[in-house]
1. Can you compute the label reach from Lys284? Point 7 Å from Cα along the Cβ direction, backbone N cut-off under 19 Å, restricted to segment 305-320.
2. Straight distance only, please: which aspartates and glutamates reach the Cα of Lys99 with their own Cα at less than 16 Å, same-chain residues fewer than 8 apart left out?
3. Find which of Val249, Ser303, Ile269 sits farthest along the positive direction of the dipole of segment 238-314, computed with +1 on the beta-carbon of Lys and Arg, -1 on that of Asp and Glu, about the Cα centre.
4. What order, most packed first, do the peptides 331-338, 127-134 have when packing is the mean number of other Cβ atoms within 10 Å of each residue?
5. Taking every DSSP beta bridge that has both residues in the chain, what percent is antiparallel when rounded to the nearest 5?
6. Can you give the relative contact order of segment 119-244 as a percent, counting alpha carbon pairs under 8 Å and 6+ residues apart?
7. Could you give the dipole magnitude of segment 102-239 about its Cα centre, charging the beta-carbon of Lys and Arg +1 and that of Asp and Glu -1, in debye to the nearest 20?
8. Where a Cα-Cα gap under 19 Å defines reach, which lysines qualify for Lys43, not counting those fewer than 8 residues away within the same chain?
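Only the coordinates and a few stated rules stand behind these numbers; no lab work does. Just so it is clear, the structure is predicted and the values come from calculations on it, not from any experiment. Here the Cβ positions follow ideal geometry from the backbone for every residue, glycine too, while neighbour counts run over all protein chains shown.
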Amino acid sequence: MSRTLLFRKCCGLFIFLLSGVVFAQEKLPNVKIFTTGGTIQSKGDHRQKLMEYSAGKVAPEELINDLPELKKIANVTYLEESNIGSGGMNTEILLKLAKDINEWLALPESSGAVVTHGTGTLEETAYFLNLVIKSDKPVAVVGAMRPFTAVSRDGPFNLYNAVRVAASPKARGYGVMIMLNDEINAARDTTKTNTYRVDTFVARDMGPLGYTDSDRISFYRKPTYRHTAKSEFDVSNLKDLPRVDVTYVYQESDASALNAFVKAGAKGIVLTDNDDKAIKKAQKKGVVFVKSDRKGSGRVVESEKQAGLGIVTSDNLPPHKARILLRLALTKTKDAKEIQRMFNEY
Ligand code: ASP
């Protein structure tokens with residue numbers, strides 16, 4: 001074989017192999033990361049700083065480029081929604097986030113979505129999305145307990161696992177998932193339980209949905225309450241959500257907070273205990289009440305007395321999650337019986 005022919009054959013083989021690689025990459029699932037900020041995007045002064053750090057220091061590109069392994073599991077793109085600590089999350093960002101995710105998941109070529117978020121209110125955003133995302137495709141909300149710069153930081157591996165789940169057809173139909181510490185947890189059932197530890201997110205009454213271990217993603221249970229594609233809530237035309245506040249009851253607390261919230265324009269209030277007189281007065285102004293509890297696990301059982309007073313019970317939703325559902329419920333109705341139905345279904 002002449003040298004030129006050999007050269008041509010080698011070139012042909014190289015191009016053939018290259019096109020195979022490009023083809024294989026094109027066939028990877030498409031995952032979009034919607035970034036909002038939090039500790040997962042924060043930096044400290046040195047590697048031992050686990051608590052003192054500044055938010056908003058890790059741009060989405062840096063977060064993604066730090067994990068070249070992602071290229072092997074998905075075609076990853078991103079959209080920066082905000083760059084805030086989760087205490088600053090607000091209705092405007094939530095509504096835009098939900099609309100952007102819905103738009104992405106409606107595309108036939110999209111496989112799933114990941115949301116980065118501060119852990120402080122992560123479960124509220126996750127539950128909100130669980131109620132308003134119109135797709136069965138996986139949505140994984142991810143955070144970190146340690147800054148990006150820390151020794152033994154947890155963010156990158158949490159993000160890697162979140163992308164794995166979002167890319168997996170196996171993860172469809174589980175609703176929105178919270179992804180930290182190698183666990184897959186259901187948005188509805190899960191709460192941050194520890195101020196500092198990496199195993200902070202726990203579904204106290206239910207346990208995790210599954211795990212992201214190195215051999216495979218395994219699921220052991222499926223949420224039965226309505227969510228995502230089966231939800232009746234639609235935020236596509238909403239510019240705001242009704243104001244709902246939470247009152248926390250302790251020894252010698254009185255109705256001052258409740259009355260102040262009514263005065264401030266609350267359309268709904270989640271209670272951790274009753275003050276019947278103040279409630280009746282506020283109900284006359286159209287305020288809707290939901291009874292939750294401050295213990296952090298267990299159901300608030302429906303009673304004839306509560307129903308008679310027109311007070312909805314929260315099932316096992318803690319006050320801050322009952323607030324999310326009540327806001328969405330109030331976009332549809334003010335009828336306590338109908339809202340109770342929603343609390344029993346979502
Ligand atoms: N302060 C942070 C936040 O909620 C905590 C975290 O992200 O872990 O944004």
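1. The answer is 309-311, whose backbone nitrogens lie closer than 19 Å to the label point.
2. Within reach: Glu80, Glu81, Asp136, Glu232, Asp234, Asp240.
3. Towards the positive end, the residue furthest out is Ile269.
4. Details: 331-338: 13.2, 127-134: 25.5.
Descending packing order for the listed peptides: 127-134, 331-338.
5. Numbers: 13 of 42 bridges.
Of all bridge pairs located within the chain, approximately 30 percent are antiparallel.
6. On the way: 221 pairs, mean separation 34.1, N = 126.
About 27 percent, as a whole number.
7. Numbers: 17 positive and 15 negative charges, 21 e Å.
The calculated dipole for segment 102-239 is roughly 100 debye.
8. Lys57
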